[in-house]
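Trainee: Have a look at this one before I ask anything.
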Amino acid sequence: MSVVRALGGRVRTRAWTVAAATLAVFGLYQALILGILVAGLGGAPNYLRVYPAWENARRIVRLTPSAADIVTLIAREPLLEYGRRHPVLGAAVWSFELTWSSLLFFASFSGLVGIYLGIGGRAARWGAVGSLGGAGVVGLLGASVSSLTHCGLGSFGVLLAVAGISATTIQWFARLEPVLIPAGYALIVLAIVARARGLAPAPFAAAA
């Protein structure tokens, strides 16, 4: 039995566990982002806005002739936004937008982590600690699609700013944003493969 077949069979038999783990990871990511913003950028959110996502998507499709532009514009469309406005000035102190692209990122990444956690089985040490932990950190830091905004910074810049890193260093690190998300995906896939190998019987055992 190949690693892929072993993995597929385990996911099917533990589908509810995988789904529960995926939802838990998705919720944890959102809670972490909220905690970082509240603790690092000045207070709890005091407004929430839900956008007419389907209506906006239909309008974009109707008015945009290029298919590539349609995909780009819809990906950037917000689904909901929450944040904190200054109680006197009314300006946004910080805000978070969940867009179609960020929803896709968080759902797919949470799904991969959910598979890793849900299938159980033996985990290689590097897979359990190195790849999974690294993927989680890289995935969170690289979530530029999550539209965290504070004075024009991307999400990676926000986290660095909260950590007290200078603006010059933030500008240099901003170049890493396009690399972080693919690296996070690659790391968690490697972790899943490492765990799935423990589910598949050894070749000699299968032959016997």
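The values are calculated or read from the model by the stated rules, or taken from the named source; none is laboratory data. What you are looking at is a predicted structure, and each value in this text was computed from that prediction instead of being measured. Cβ: placed from backbone, ideal geometry, glycine included. Neighbour counts: every protein chain shown.
Trainee: All but one of (1) surrounded by 12 or more Cβ atoms within 10 Å (Cβ to Cβ); (2) under 24 Å from residue 117 (Cα atoms); (3) in contact (Cβ under 8 Å) with a residue 60 or more places away in the chain; (4) of a type outside the set (S, T, N, Q) hold for residue 4, so report the exception by its number.
Mentor: Answer for residue 4: the failing condition is (1).
Trainee: OK, next. Which ones in the stretch 78-98 are touching a helix residue (DSSP H, G or I) at 6+ places or on another chain (Cβ under 6 Å) and crowded, with 19+ Cβ neighbours inside 10 Å?
Mentor: Correct list: 94 only.
Trainee: Sticking with this one: Suppose we filter the stretch 48-57 for residues that are loosely packed, with under 11 Cβ neighbours inside 10 Å, of a type in the set (Phe, Trp, Tyr) and not in a helix (DSSP H, G or I); how many remain?
Mentor: 0
Trainee: List pairs: first in the stretch 16-43 and at positive phi, second surrounded by 14 or more Cβ atoms within 10 Å (Cβ to Cβ) and at pLDDT 80 or above, Cβ under 6 Å, 6+ apart or cross-chain?
Mentor: Within 6 Å, the pairs are 43/84.
Trainee: Go through the stretch 50-82 and give me each residue that's of a type outside the set (A, V, I, L, M) and in contact (Cβ under 8 Å) with a residue 40 or more places away in the chain.
Mentor: 78
Trainee: Still on this structure, I have one more. Within the stretch 58-72, does at least one residue satisfy the condition of being within 22 Å of the chain's Cα centre (by Cα) and surrounded by 16 or more Cβ atoms within 10 Å (Cβ to Cβ)?
Mentor: Checking the stretch 58-72: not a single residue is within 22 Å of the chain's Cα centre (by Cα) and surrounded by 16 or more Cβ atoms within 10 Å (Cβ to Cβ).
Trainee: Residue by residue through the stretch 12-53, note down the ones that are of a type in the set (Val, Ile, Thr) and at pLDDT 85 or above. Walk me through it before giving the result.
Mentor: So in the stretch 12-53, the residues of a type in the set (Val, Ile, Thr) come out as 13, 17-18, 22, 25, 33, 36, 38, 50.
Scanning the stretch 12-53 gives 13, 17, 18, 22, 25, 50.
Trainee: Additional query: Say whether the condition of being within 24 Å of the chain's Cα centre (by Cα), farther than 30 Å from residue 189 by Cα, of a type in the set (Gly, Ala, Ser) and surrounded by 13 or more Cβ atoms within 10 Å (Cβ to Cβ) is met by at least one residue in the stretch 9-20.
Mentor: No: zero hits.
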